[in-house]
Amino acid sequence: MKGYINIPESFKCKGCKLCGSAPIISLAEHGLYQLKCPNNDSHYQTNPGEIDIDDWNIHNTQLYDHDYDLKMISEG
């Protein structure tokens, strides 16, 4: 057994914003599950419990490509 579950393509999940990998569902402590990056445990992980795809998508969205984009908007 692999120890994780791949998320079906019918669910819209963004890739990890640090490495681009598709998230997996992994078993966390106390028999709970979480979404996480398969490549690195230091990348964003949802809290153990309910499988929260919305939380994953929110935390793996880049609002601005560069800091100067944000600066231009705030000075605007």
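See the values below:
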{"quantity": "When residues of the stretch 47-65 are limited to those that are of a type in the set (D, E, K, R) and over 10 Å from the mean Cα position of the chain (by Cα), the one farthest from Ile7 (Cα to Cα)", "calculated": "Asp65"}
{"quantity": "Positions within the stretch 22-47 being over 18 Å from Phe11 (Cα atoms), surrounded by 15 or more Cβ atoms within 10 Å (Cβ to Cβ) and not hydrophobic (A, V, I, L, M, F, W, C), in sequence order", "calculated": "His43, Tyr44"}
{"quantity": "Identity of the residue in the stretch 18-41, of a type in the set (Gly, Ala, Ser) and more than 12 Å from the chain's Cα centre (by Cα), that ends up farthest from Thr61 (Cα to Cα)", "calculated": "Gly31"}
{"quantity": "Condition check for Tyr44: of a type in the set (Phe, Trp, Tyr), over 13 Å from Tyr4 (Cα atoms) and either modelled with pLDDT under 90 or over 8 Å from the mean Cα position of the chain (by Cα) (or both)", "calculated": "no"}
{"quantity": "Matching residues in the stretch 1-33 - criterion: being touching a Leu at 6+ places or on another chain (Cβ under 7 Å) and modelled with pLDDT under 90", "calculated": "Gly3"}
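The values are calculated or read from the model by the stated rules, or taken from the named source; none is laboratory data. The model shown is predicted, which means the values in this text are computed figures rather than measured ones. Using ideal geometry, Cβ is built from the backbone for each residue, glycine included, and neighbour counts are taken over all protein chains shown.
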